[in-house]
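Participant: The structure is given below, and queries will be raised subsequently.
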Amino acid sequence: MSKINRRQFFLLGAAGVATASVANWAIAQSHKASSASSKLYKSASGLLELNLETGNRPVTLAGRQAYLMSYNGQVPAPRLEAKAGDTVRIRFTNNLSQPTNLHYHGLHVPPTGNADNPFLSIPPGESLTYKFTIPKNHPPGTFWYHPHHHGYVAEQLFAGLAGLFIVRGELDEIPEIQAAKEEFLVLKDFDLDESGRILPPNHMAMMLGREGQLLTVNGQVNPNLSIAKGGLLRLRILNASPSRFYRLSLENHPLYLIATDGGGINAPIELEELLLAPGERAEVLVRGEKEPGQYRLLTLPYDRGGMGMMGGGMGMMGGRHMMGNSSQTSPQVLATLSYQGSVATLPLPKQLIPVETLPESETVRRFELSMSGMGMGMGSGMGMSFTFNGQTFDMDRIDTQVKLNTIEDWELINVDPDRMDHPFHLHINRFQIVSRNGQPEPYRAWKDTVLVRGGETVRIRIPFRNFTGKTVYHCHILDHEDLGMMGIVNIQA
Ligand code: C2O
Ligand code: CU
Ligand code: CU
């Protein structure tokens, strides 16, 4: 099964000593156990109940003190676990100095009332109880929660507000998967000053989408993951960064994809690399089949476009923030896999979760993803906005009217003049990718966030099921969302 990948060897060779360029204090913290200190809240007798409070306070990040926004004082936020059919009740309190709310990314639950409602606004000092029921036939998977108050999303997520929301089910009960050791990896970048405070992005960083130089996994720098010789490791990975892409590669080890955003796929798929855009999740299995030792989990360079925006101003802007993104030129280390002990060789599962074939749809809509405004030039860019079909977000406008219990194809066309990538995300209902630039997608999978590269056309197929009401779709580069790249879809009975 194993394949020698020359390109990968080349990349690693070229990387040489150019590993993560982080401050010394961070390096000193490497190789701590990966199990984050984040608390776990599990449902019991059909109820997941907790208090969740957000505020600004010092927290430990990568082994030092940082002043972040957190849920219950933890970065990443507590992990929530429930099952299909459970009721969720979260007593939420906002102790930030700005409004916020909660979004349950990927969950198929009502978009209205005190459920997954992105239009709620919880002012500073106030509380709200979220309550909803996860449908009995909800797929198991790796979902997450984060703030979704328009205008504040990128800032609040970047400052630390994100946590996993796991739904357990059939996927977890597959014997080969049950036998695997499970690890959760929350990938999140930060940009801190000497005193541990978040550095505010400059204008350019907001246009491109803010990125930080400090790469963390579960709030740690280069944590250790262990695998037994012969064993299986199940990695459940979330890209919780507002803008950074991760192009993941594990030295000498292929990754066996078993689940995407919306749950399990039909059968494992062997990958050499895994690209995760902001908001995306994936689950992979790793086999402990190599020479015992240490292997690095890397993120490889990726160009997400947009450099045209630099225009003539480039030379004058200077400073570390200017190249705040799209600038990673060498692999960086995210975590280290170490062999520990051995077990009788565990097999990969052959079959996973059947992914239904959706019937073709008669309704096809077009969405042009772009930005408007004139070339940025130097420091200008006022009036620059990000759009769907030429329009920026308007709270009071319904952009897309759909009917409950129908299936639609949406054609997402990235016409961005600077060929910037835009990961498209839809709330509440998952979808399947039909094609990219007319080429059929190689395998069927459920997604809720899909990368639409500069110049690309991606066709997705969405069944609108179970819930009526207004919700949103947007670019998951959250600065773009805050700058208007969001639309409202109304699902009517
Ligand atoms: Cu993860 Cu509307 O977002
Ligand atoms: Cu979402
Ligand atoms: Cu975007």
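The values are calculated or read from the model by the stated rules, or taken from the named source; none is laboratory data. Note that the coordinates shown come from a computational prediction; the quantities given were computed from them, not determined experimentally. Here Cβ is always computed from backbone atoms with ideal geometry, including for glycine, and neighbour counts include all displayed protein chains. Surface accessibility is based on the protein's heavy atoms, side chains included, excluding ligands, DNA and RNA. Shrake-Rupley method; radii C 1.70, N 1.55, O 1.52, S 1.80 Å.
Residues checked against (1) in contact with a Lys or Arg (Cβ under 8 Å, 6 or more places away or on another chain); (2) not in a strand (DSSP E or B):
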{"position": "108", "(1), (2)": "yes, yes"}
{"position": "116", "(1), (2)": "no, yes"}
{"position": "131", "(1), (2)": "yes, no"}
{"position": "135", "(1), (2)": "no, yes"}
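Participant: Would you be able to tell me the number of residues in segment 96-115 that are away from ligand 1 (no atom under 13 Å from the Cβ), closer than 24 Å to residue 73 by Cα and not polar (S, T, N, Q)?
Facilitator: Of the residues in that region, 3 qualify.
Participant: Being open to solvent by less than 10 Å² (accessible area, probe 1.4 Å) and either more than 16 Å from ligand 3 (Cβ to nearest atom) or in a strand (DSSP E or B) (or both) is the filter here, so list the residues in segment 149-158 that pass it.
Facilitator: Residue satisfying the conditions is 156 alone.
Participant: In segment 56-69, is there at least one residue being assigned to a strand (DSSP E or B), away from ligand 1 (no atom under 16 Å from the Cβ), open to solvent by less than 40 Å² (accessible area, probe 1.4 Å) and of a type in the set (Gly, Ala, Ser)?
Facilitator: Within segment 56-69, one or more residues are assigned to a strand (DSSP E or B), away from ligand 1 (no atom under 16 Å from the Cβ), open to solvent by less than 40 Å² (accessible area, probe 1.4 Å) and of a type in the set (Gly, Ala, Ser).
To keep it simple, each residue is scored yes or no on (1) within 14 Å of ligand 3 (Cβ to nearest atom); (2) closer than 24 Å to residue 109 by Cβ; (3) surrounded by 18 or more Cβ atoms within 10 Å (Cβ to Cβ).
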residue: 403; (1), (2), (3): no, yes, no
residue: 420; (1), (2), (3): yes, no, yes
residue: 433; (1), (2), (3): no, yes, yes
residue: 444; (1), (2), (3): no, yes, no
residue: 466; (1), (2), (3): no, yes, no
residue: 473; (1), (2), (3): yes, yes, yes
residue: 490; (1), (2), (3): no, yes, no
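Participant: Please determine whether any residue of segment 190-204 is closer than 22 Å to residue 485 by Cβ, buried (at least 23 other Cβ atoms within 10 Å of the Cβ) and touching a helix residue (DSSP H, G or I) at 6+ places or on another chain (Cβ under 7 Å).
Facilitator: Taking every residue of segment 190-204 in turn, at least one turns out to be closer than 22 Å to residue 485 by Cβ, buried (at least 23 other Cβ atoms within 10 Å of the Cβ) and touching a helix residue (DSSP H, G or I) at 6+ places or on another chain (Cβ under 7 Å).
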